[in-house]
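So the structure is just underneath, and the comments pick up after that.
The values are calculated or read from the model by the stated rules, or taken from the named source; none is laboratory data. Keep in mind that what you see is a predicted model, and the values were worked out from it rather than measured. Note: ideal-geometry Cβ built from the backbone for every residue, glycine included; neighbour counts use all protein chains shown. Note: areas computed on protein heavy atoms with side chains; ligands, DNA, RNA excluded. Shrake-Rupley method; radii C 1.70, N 1.55, O 1.52, S 1.80 Å.
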Amino acid sequence: MGKKLLFALLSVTLAAAVLASPRNSVFPPTASTATDAPDPEKPATSPQALTASDVDAWLSGFMMTTLRQGKIAGAEVVIVKDGQVLLKRGYGYADVEAKTPMDPDRNQLRIGSVSKLFAWTAVMQQVEAGKIDLNADVNRYLDFKISPPGDRPVTMIDLMSHRGGFEEGLKDLLATDPERLKTTERYLKENARPFLFAPGEVPAYSNYGTALAGYIVERVSGEPYETYVERHILKPLRMSGTTLRQPLPPAFNKTAAKGYQTSETAPSAFELVGTAPAGQVSATGADMGNFMLAYLQDGRFGDAQILKPETVRMMRTQMLETPEGFDSMAYGFFRGERNGRLLVGHGGDTVVFHSDLNMLPEEGVGIFVSFNSAGENGAVYGARDRLLELFLDRYFPAPAAVTPPAIAGAAEHAKAIAGDYDTSRRVETGFISMFYLLQQDQVIANEDGTISLSSLEGKRFREVAPDLWREVGGTRQLRVTEAGGRRAILDSHNPVSILQATPASRNGSLFKLVAAFSILVLLCTALVWPIAAWVQRTRKLPPVATGRAALVRRLTRIAVVVNLVYLAGWCMLLAPMLSSEYSFYNAGIDSFIRVLQVAAIVPLLGAILGIWNVWLSFRTKQGWAASVRNVIVALALTSFLWTAWMAGFLSWNLNY
């Protein structure tokens, strides 16, 4: 049974349609589907000269087609080269209803996790000032304590490389009501994330970790984080159209672009980011051009120097050892090779805004793009990836990729690693863990000896060396290794998370199968019970059971209905997530969650009653047909208890 079927079963209990389970856009997607997929075997081409006229003509055609086909409201693109702005253009609308054209000099967009680059810039400024030691225990700088497992502390290097070991979190991550927005200090203390891994062990992208770094800047500098960035980064870079303030200052309200799910929907409310340093910035494309120029000129912009040249050069270097050809984390930047050239940058997503900043330091070129819509079926993810790919292929092409032949035994190796995999960036505590069970990746062994990943549509990987799988007709690679005591798969394009083979206790396929079985049986039982009672009464049939057996039989049927009501309560709680309404998850619903947690006695009693009913049906010799039905119902009730446990419904945790 797939995700959609399981969600449909859940929705029946609500008597409302939950039509699909969209990709969780609070967390960067594990894969993107391009609206215009490249040819599998891409031929090498002669490079075009990167001139303002050529890139303007090329971009205009690409962007307008992309916006129209993807139902994306608007976008800004800025390209810098050799210390100058080569192009800055707006496409589509900043305000669809008012038909306000997008203007990179005027309109601010929410740049999501690209905001992290400001946090890491501030951290490195404090390193230069001697106030932060990248290798010191971060507890040295905090006024509360974080306690990782084991003896190794969390360091700033761990935070910058997303190896702090933190579990992901959703509560208070986004808000639309300013009254619900916590300060960074309050968020970090009240929403402390559990540890999934020991520090430095496994990459697991963490907004909480970046928020910690921003708070440390605030503590060691003696200035509020927003004020610090304004004084030491925005002002010297002349980024007057950029703000970290949430909600927006009045002057920015007039110029900020509106965000949309698609160009055909009403504008969404302004998104307030709880992990502020990880995603709070609203910026114009023109200002982000200044930011790129500073980094491409070793920290210099005009007469200002925001970092020492040697610091900027260090920030482009690899922090940790990775396999050859695999992306890594630089000091806050994603670092890798594309078309044989060094590429550093960072992407960012809120629910409706989607941005990407990439720089080719050795060529002195940078490109920033930001969209104000997710687009139809998440079209923006493919559009964003395709833009960078085509830009590089046009102006910095590489020879066509040639995939080496498969090694002996590749087909057997493919079968050996096939199965369900967890992303290391996940939640395991609380009810949100259910969505990670439903979104586990599948490694599929193909008949031709290649493997496919369910998250990377249309791609096949061939084993070209022991435990090294390369994309057929491409350069992407997968490395099979071990991490956290489990088989793991590294993706050469993703240095901030890995895939881990799931143990039986977290097998998503098994969870979906058992959940679907239990819910189907409970629904059928609830529907058939009154019909059977009516038939028995109208035909004056003798009762199936009498005495205590009849009472337990009746209580079991009641338990079936109460279990479905219990499930309906959880569906009401989870439904906003299916429509990306993440601001719903805050302290205001704690009481409702607590009621559902107290109601965990319902599936437990249901399972006990179901088993008791089976025992009595055999003891009182109710007949094989009745006994078989009772066994099936007992299995469903017991399976539902297991499903509730796996989904995190039985947790007493309000920090999720």
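Details
- Cβ-Cβ under 6 Å pairs, at least 6 apart or on other chains, the stretch 330-354 side at pLDDT 95 or above, far side assigned to a strand (DSSP E or B) and of a type in the set (Asp, Glu): Gly347/Asp356
- Among residues of the stretch 245-270 that are assigned to a loop (DSSP other than H, G, I, E, B), those with a beta-carbon under 8 Å from a residue that is open to solvent by 50 Å² or more (accessible area, probe 1.4 Å) and among the acidic types (Asp, Glu) at least six positions away or on a different chain give the pairs Thr262/Glu376.
- Which listed residue, of Ala545, Ala559, Ala533, is out of contact with any strand residue (DSSP E or B) (no Cβ under 6 Å at 6 or more places or on another chain), surrounded by 15 or more Cβ atoms within 10 Å (Cβ to Cβ) and not in a loop (DSSP other than H, G, I, E, B): Ala559
- Spans of helices (runs of 4 or more DSSP H) in the stretch 589-656 with at least 3 residues touching a Cys at 6+ places or on another chain (Cβ under 8 Å), at pLDDT below 95 and of a type in the set (Phe, Trp, Tyr): none
- Scanning the stretch 311-349 for residues that are among the β-branched types (Val, Ile, Thr) and open to solvent by 10 Å² or more (accessible area, probe 1.4 Å) yields Thr311, Thr317, Thr322.
- Of everything listed in (1) open to solvent by 30 Å² or more (accessible area, probe 1.4 Å); (2) closer than 23 Å to Glu168 by Cα, the single unmet condition for Arg462 is (2).
Residue by residue, here is whether (1) at positive phi; (2) open to solvent by 10 Å² or more (accessible area, probe 1.4 Å) holds:
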{"site": "Phe431", "(1), (2)": "no, no"}
{"site": "Ser455", "(1), (2)": "no, yes"}
{"site": "Arg479", "(1), (2)": "no, yes"}
{"site": "Gly484", "(1), (2)": "yes, yes"}
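- Remark: pairs (first residue in the stretch 123-137, closer than 13 Å to Asp158 by Cα and surrounded by fewer than 17 Cβ atoms within 10 Å (Cβ to Cβ); second residue basic (Lys, Arg) and modelled with pLDDT of 95 or more; Cβ separation under 9 Å; 6+ apart in sequence or on different chains) = Asp133/Arg140.
- Looking across the stretch 184-200, the residues that are assigned to a loop (DSSP other than H, G, I, E, B) and either under 24 Å from Val127 (Cα atoms) or in contact with a strand residue (DSSP E or B) (Cβ under 7 Å, 6 or more places away or on another chain) (or both) come down to Arg193, Leu196, Phe197, Pro199, Gly200.
- Any hit, the stretch 485-504, residues being within 25 Å of Arg426 (Cβ to Cβ) and in a helix (DSSP H, G or I): yes
- Which listed residue, of Leu59, Leu14, Leu9, is open to solvent by less than 60 Å² (accessible area, probe 1.4 Å), of a type outside the set (Val, Ile, Thr) and modelled with pLDDT of 95 or more: Leu59
- Residue check: Ile72 meets all listed conditions (1) over 30 Å from Phe166 (Cβ atoms); (2) within 27 Å of the chain's Cα centre (by Cα); (3) open to solvent by 10 Å² or more (accessible area, probe 1.4 Å) but one, namely (3).
- Looking only at the stretch 217-243, residues that are in contact with a strand residue (DSSP E or B) (Cβ under 8 Å, 6 or more places away or on another chain), open to solvent by less than 60 Å² (accessible area, probe 1.4 Å) and either part of a loop (DSSP other than H, G, I, E, B) or closer than 24 Å to Lys71 by Cα (or both) come to 5 in all.
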